[in-house]
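Novice: Let me give you the structure first, and then I'll get to my questions.
Just so you know, all these numbers are worked out from the coordinates, no wet-lab data involved. This structure is a prediction, so every number in the text was calculated from the model and none was measured. Cβ placement follows ideal geometry from the backbone for every residue including glycine, while neighbour counts extend to all protein chains displayed.
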């Protein structure tokens, strides 16, 4: 008797789930260079976006992202999958960004903030609006609104901005953000509360009446 062909079987390829970041790091520890390339592909754009919001320069953010991945590669043997890979990644990114800011302060360089028509993900705008709880009450030009939202995020101090980005853009919880920023969960809750209030305070006049802010929101 011949083999019986069942509909939908036999020719289908078995679909395998993509490896998790933790699995990729473990493969990297075993010498799998392709695993590192996959990690870079998954996280590079997200990492550049966060770094750019911290240092206000796209070109430098791209350079710092490369430094972060280089540190990840060098420290691969020390990684322990006891927390999310992205927590470890953004812990390194936070330290790299702080070092860059410190160097900038020492050199007293002044740079122009990136143009509003750059290629940053639109999710950043949605993230800030969601954090503020505001919704437009009138028709707003998309480019203008995106510019105002970016300005509101940039007006935050560095720690508030980092906490907000990790919470809304990366989806990390309080414990993970605390680990990445090397602080306490209580401090993270306070940072996020102040960040949301400051974004709301800066955006509300514009979203309701079209009034552009002329001064920065208080960071206290």
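Novice: Mind ranking 42-51, 157-166 by how tightly packed they are, going by the mean number of other C-beta atoms within 10 angstrom, highest first?
Specialist: Working: 42-51: 20.4, 157-166: 21.9.
Result, highest mean Cβ count within 10 Å first: 157-166, 42-51.
Novice: Rounded to the nearest 0.05, what FRET efficiency is calculated for residue 22 and residue 44 with R0 set to 22 Å and r the Cβ-Cβ distance? Before the final figure, lay out the partial values.
Specialist: On the way: r = 18 Å, r/R0 = 0.83.
For R0 = 22 Å, the calculated efficiency reads 0.75.
Novice: For residue 174 and residue 59, calculate 0.36 nm times their separation in residues minus their Cα-Cα distance, and state this gained length in nm to one decimal. Working shown, then result.
Specialist: Values: separation 115, 0.36 × 115 = 41.40 nm, distance 3.00 nm.
Full-extension gain reported as 38.4 nm.
Novice: Over region 18-109, what is the relative contact order in percent, taking alpha-carbon pairs closer than 8 angstrom and at least six residues apart?
Specialist: Across region 18-109, relative contact order equals 29 percent.
Novice: Then there's this: Between residue 34 and residue 189, how high is the FRET efficiency from 1/(1 + (r/R0)^6) when r is the Cβ-Cβ distance and R₀ = 45 Å? Nearest 0.05.
Specialist: Details: r = 40 Å, r/R0 = 0.88.
Using R0 = 45 Å, I get an efficiency of 0.70.
Novice: Per 0.36 nm of contour for each residue apart, how much would the distance between residue 158 and residue 99 grow if the chain were fully extended, relative to their Cα-Cα spacing?
Specialist: Numbers: separation 59, 0.36 × 59 = 21.24 nm, distance 1.26 nm.
Length gained between residue 158 and residue 99: 20.0 nm.
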